[in-house]
Amino acid sequence: MKTLIAAYSGVLRGTGSSILSALQDLFSVTWLNRSKVEKQLQVISVLQWVLSFLVLGVACSVILMYTFCTDCWLIAVLYFTWLVFDWNTPKKGGRRSQWVRNWAVWRYFRDYFPIQLVKTHNLLTTRNYIFGYHPHGIMGLGAFCNFSTEATEVSKKFPGIRPYLATLAGNFRMPVLREYLMSGGICPVNRDTIDYLLSKNGSGNAIIIVVGGAAESLSSRPGKNAVTLRNRKGFVKLALRHGADLVPTYSFGENEVYKQVIFEEGSWGRWVQKKFQKYIGFAPCIFHGRGLFSSDTWGLVPYSKPITTVVGEPITIPKLEHPTQQDIDLYHAMYMEALVKLFDRHKTKFGLPETEVLEVN
């Protein structure tokens, strides 16, 4: 209030210097502080994605069903009709939108943590690729920001390469959410989709698979660098069948942004999580971040911790229409070795001690 009175009195006195001084004081008021406004925009941009990820699909399904019972039932009928005709579009790579991928909101999203993408080798546009992304974390926020938006300039760093982040197929049965996901170049992580992208979509495709999946998310916690990979060989078999090169990718800091209640093996909590994982495809986690207005309270907003995604050197994979188990084991072992080397080569650059070891489960 005193600042506003000072500004007013300066104007009354009529001197140029007084007016300038008053305006400077006025724009230094807390609620007009640029850095604080930007920080809140960053928080809001992250929260909107977290809420979209968690509840948008269910909320839109409920709203659409309710619309059937109102005077606006025709809108619901038209959307469901569209859904029937468009049902298989996600399996063919979806409908990416460069406009959506370049929204300013994603730059605020990037700067909140911040998130960065590190390129170590060039990728040939004449080849197709499968990126193995590690670790999953709670929501794979680094994977989303780096490969489903242009916030970290993935298209400039890897010109001619089209990234497709693969996620649970169930998400594409949810109205509106499916459109939102497809606009960012997100696709279902199933064999039909991957076969199509690697065989009928030309070259220069890069499918990003979060290899550890739901099982890996259950062990996600700050300070832990562990991946679920030793028995995950399906992505290697797909790479061999299509001759797609494998690219190990590690995201330093992915496990730092949420805290999770870890249930021990054999506990009722872990039993429930495994049943969900087996029959539904995802494992419910009890986790928390910070609050919307304060980092000292609990909420759904992730903690502001740096996430750095390092894309490693591609492993050249031959095309074998019927790969043997020996072939799969050979290239899987090569991939695990390359991932560990990538982690060891870059760990000290991103705050980890030289003695830190990547745990491969």
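The values are calculated or read from the model by the stated rules, or taken from the named source; none is laboratory data. What you see is a predicted model; the values in this text were computed from it and never measured. For neighbour counting, all protein chains shown are included, and Cβ atoms are generated from backbone atoms with ideal geometry for every residue, glycine included. Areas reflect the complete protein model, heavy atoms only, side chains present, ligands, DNA and RNA absent. Shrake-Rupley method; radii C 1.70, N 1.55, O 1.52, S 1.80 Å.
Extending 7 Å from the Cα toward the beta-carbon at both residue 350 and residue 264 defines two label points whose distance is 3.2 nm. So for the chain, averaging the separation of alpha carbon pairs under 8 Å that are six or more residues apart and normalising by length, what relative contact order in percent results? RCO, the chain: 20 percent.
With every protein chain kept in place and ligands, DNA and RNA left out, what is the accessible area per residue of segment 34-360? Probe 1.4 Å, answer in Å².
That works out to 49 Å² per residue.
For segment 133-242, the Cβ-based charge dipole about the Cα centre amounts to some 380 debye (Lys, Arg positive; Asp, Glu negative; other atoms uncharged). For segment 193-266, which GluC sites (Glu not before Pro) are both in a DSSP coil and crowded by at most 12 other Cβ atoms within 10 Å? Counting only loop positions with at most 12 other Cβ atoms within 10 Å, the GluC sites (Glu not before Pro) in segment 193-266 are 264, 265. Note on segment 224-267: semi-axes of the ellipsoid equivalent to its C-alpha gyration tensor, largest first and rounded to whole Å, are 29, 16, 7. Once the Kirkwood radius over Cα pairs is known for segment 190-231, the Stokes-Einstein relation at 20 °C and 1.002 mPa s delivers a diffusion coefficient of 170 µm²/s. Cross-link reach is defined here as a Cα-Cα straight distance under 16 Å, omitting same-chain residues fewer than 8 places apart; for residue 91 the aspartates and glutamates meeting it are 179, 192, 195. Normalised by the number of residues in segment 209-361, the average gap of Cα pairs under 8 Å and 6 or more apart makes the relative contact order 34 percent.
Using a 1.4 angstrom probe on heavy atoms only, work out the carbon and sulfur share of the accessible area of the chain in %.
Answer for the chain: carbon and sulfur cover 61 percent of the accessible area.
Selection among 70, 142, 54 by position relative to the dipole of the chain gives 70 as farthest towards the positive end (Cβ unit charges, Cα centre). Take every pair of alpha-carbon atoms less than 8 Å apart whose residues are at least six positions apart; their mean separation over the length of segment 159-208 yields a relative contact order of 54 percent. Largest mean-square fluctuation among 335, 250, 133, in a Gaussian network model of the chain whose springs join Cα atoms under 10 Å apart, belongs to 335. Think of each Lys and Arg Cβ as +1 and each Asp and Glu Cβ as -1; about the Cα centre, that makes the dipole of the chain roughly 300 debye. Of the residues 323, 312, 99, the one whose Cα sits farthest toward the positive end of the charge dipole of the chain, with +1 on the Cβ of Lys and Arg and -1 on the Cβ of Asp and Glu, is 99.
The calculated P(r) of segment 34-360, using every Cα pair and 10 Å bins from 0, goes 5, 25, 35, 25, 8, 2, 0 in percent. Rolling a 1.4 Å probe across all protein chains gives residue 200 an accessible area of roughly 150 Å². Work out, in µm²/s and without decimals, the Stokes-Einstein translational diffusion coefficient of segment 41-195 at 20 °C, 1.002 mPa s, Rh from Kirkwood over C-alpha pairs. This corresponds to a translational diffusion coefficient of 127 µm²/s.
Here the scattering of segment 277-336 is modelled by Debye summation over its C-alpha atoms, one equal scatterer each and no solvent; at q = 0.13, 0.14, 0.15, 0.28 Å⁻¹ the log10 of I(q)/I(0) is -0.73, -0.77, -0.80, -1.07.
Can you work out D for segment 85-165 in µm² s⁻¹ from Stokes-Einstein, where Rh is the Kirkwood radius over C-alpha pairs, the temperature is 25 °C and the viscosity is 0.890 mPa s? In µm²/s, the coefficient is 175. When both bridge partners sit in the chain, DSSP labels roughly 30% of those beta bridges antiparallel.
Counting only protein heavy atoms and using a 1.4 Å probe, the accessible area of residue 103 comes to about 80 Å². Evaluated at q = 0.15 Å⁻¹, the base-10 log of the normalised Debye intensity for segment 204-297, with identical point scatterers placed on the Cα atoms, takes the values -0.75.
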